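Asker: Structure below; questions to follow.
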Amino acid sequence: MNLSKKYPLPEFALLDGDNHLGEQLFERTVILHLPTAALIEVFPADGLSMSAEDVPQHLKSSFKNLDGQIEEIILVVHDTKDASTVADVLKKAADWYAAYANWIDGALDNI
């Protein structure tokens, strides 16, 4: 059986820190890029400044939310098995997160 064809995994997954030890990722957004095992945390950019010296693997990005406002974020790589692709993975992660954030906001609006 070809496991990856029968049970394909997505490119990105949102990590849930709620388990028997409690909520370990309370008010944090951590996503996993499965192909490179890149652990990426998303921070709101408000009041947060990072330099390449502090965090060499990061990306400042922004997106338009459902209300038409621009949200600025910073994506930080905690770890990856393929550092050569970090720049491309961070750009994809920023796009994935923007789509996720708008999807979740739209779902909340429909409650």
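The values are calculated or read from the model by the stated rules, or taken from the named source; none is laboratory data. In this text the structure is predicted, and so the values were computed from the model without any measurement. Don't worry about glycine lacking a Cβ; one is built from the backbone with ideal geometry, like all the others, and counts go over all protein chains shown.
Asker: State all residues of the range 34-90 that are of a type in the set (D, E), over 19 Å from W103 (Cα atoms) and without any contact (Cβ under 8 Å) to a residue 40 or more places away in the chain; if no residue qualifies, say none.
Answerer: Going residue by residue through the range 34-90, those that are of a type in the set (D, E) are 41, 46, 53-54, 67, 71-72, 79, 82, 88.
Retained after the next criterion (residues that are over 19 Å from W103 (Cα atoms)): 46, 53-54, 79, 82, 88.
Residues satisfying the conditions are D46, E53, D54, D88.
Asker: Go through the range 55-73 and give me each residue that's part of a loop (DSSP other than H, G, I, E, B) and β-branched (V, I, T).
Answerer: From the range 55-73, those part of a loop (DSSP other than H, G, I, E, B) are 55-57, 65-69; that's our starting set.
Of everything in the range 55-73, just one residue is part of a loop (DSSP other than H, G, I, E, B) and β-branched (V, I, T), namely V55.
Asker: With respect to T36, determine if the residue is touching a Leu at 6+ places or on another chain (Cβ under 8 Å), closer than 20 Å to A94 by Cα, among the polar types (S, T, N, Q) and surrounded by 13 or more Cβ atoms within 10 Å (Cβ to Cβ). Working first, answer last.
Answerer: Numbers: touching a Leu at 6+ places or on another chain (Cβ under 8 Å): no; closer than 20 Å to A94 by Cα: yes; among the polar types (S, T, N, Q): yes; surrounded by 13 or more Cβ atoms within 10 Å (Cβ to Cβ): yes.
No: the conditions fail for T36.
Asker: Can I ask one more? Out of all the residues in the range 74-86, which are loosely packed, with under 12 Cβ neighbours inside 10 Å and assigned to a helix (DSSP H, G or I)?
Answerer: Residue satisfying the conditions is S84 alone.
Asker: Count, please, the residues in the range 1-43 that happen to be among the β-branched types (V, I, T) and assigned to a loop (DSSP other than H, G, I, E, B).
Answerer: Here is the first cut: in the range 1-43, the ones among the β-branched types (V, I, T) are 29-31, 36, 40, 42.
Filter once more, so that each one left must be assigned to a loop (DSSP other than H, G, I, E, B): 36.
Residues in the range 1-43 being among the β-branched types (V, I, T) and assigned to a loop (DSSP other than H, G, I, E, B): 1 in total.
Asker: While we're looking at this one, here's another question. Conditions first: (1) assigned to a strand (DSSP E or B); (2) at pLDDT 95 or above. Y100 passes all but one, so which condition is the exception?
Answerer: In the conditions (1) assigned to a strand (DSSP E or B); (2) at pLDDT 95 or above, Y100 misses (1) alone.
Asker: Go through the residues of the range 97-109 one by one and say whether even a single one is crowded, with 17+ Cβ neighbours inside 10 Å, in contact (Cβ under 8 Å) with a residue 12 or more places away in the chain and in contact with a Lys or Arg (Cβ under 9 Å, 6 or more places away or on another chain). Give the steps one after another, and end with the answer.
Answerer: To start, the set of residues in the range 97-109 that are crowded, with 17+ Cβ neighbours inside 10 Å comprises 97-98, 101.
This time we only want the ones that are in contact (Cβ under 8 Å) with a residue 12 or more places away in the chain, so: 97-98, 101.
Those still in the list that are in contact with a Lys or Arg (Cβ under 9 Å, 6 or more places away or on another chain) too: 98.
Yes, the conditions are met somewhere in the range 97-109.
Asker: Here's a follow-up. Examine the range 17-32 for a residue that is over 30 Å from D109 (Cα atoms) and loosely packed, with under 10 Cβ neighbours inside 10 Å, and state whether such a residue exists.
Answerer: Quick first cut of the range 17-32, residues over 30 Å from D109 (Cα atoms) only: 20-21.
If we keep only those that are loosely packed, with under 10 Cβ neighbours inside 10 Å too, we end up with 20-21.
Within the range 17-32, one or more residues are over 30 Å from D109 (Cα atoms) and loosely packed, with under 10 Cβ neighbours inside 10 Å.
Asker: Is it fair to say D46 is part of a loop (DSSP other than H, G, I, E, B), modelled with pLDDT of 90 or more and of a type in the set (D, E, K, R)? Reasoning before the result, please.
Answerer: Values: part of a loop (DSSP other than H, G, I, E, B): yes; modelled with pLDDT of 90 or more: no; of a type in the set (D, E, K, R): yes.
Against the criterion (part of a loop (DSSP other than H, G, I, E, B), modelled with pLDDT of 90 or more and of a type in the set (D, E, K, R)), D46 does not qualify.
Asker: Same structure again: So how many residues does the range 39-73 have that are among the small types (G, A, S) and surrounded by 10 or more Cβ atoms within 10 Å (Cβ to Cβ)?
Answerer: The qualifying residues number 3.
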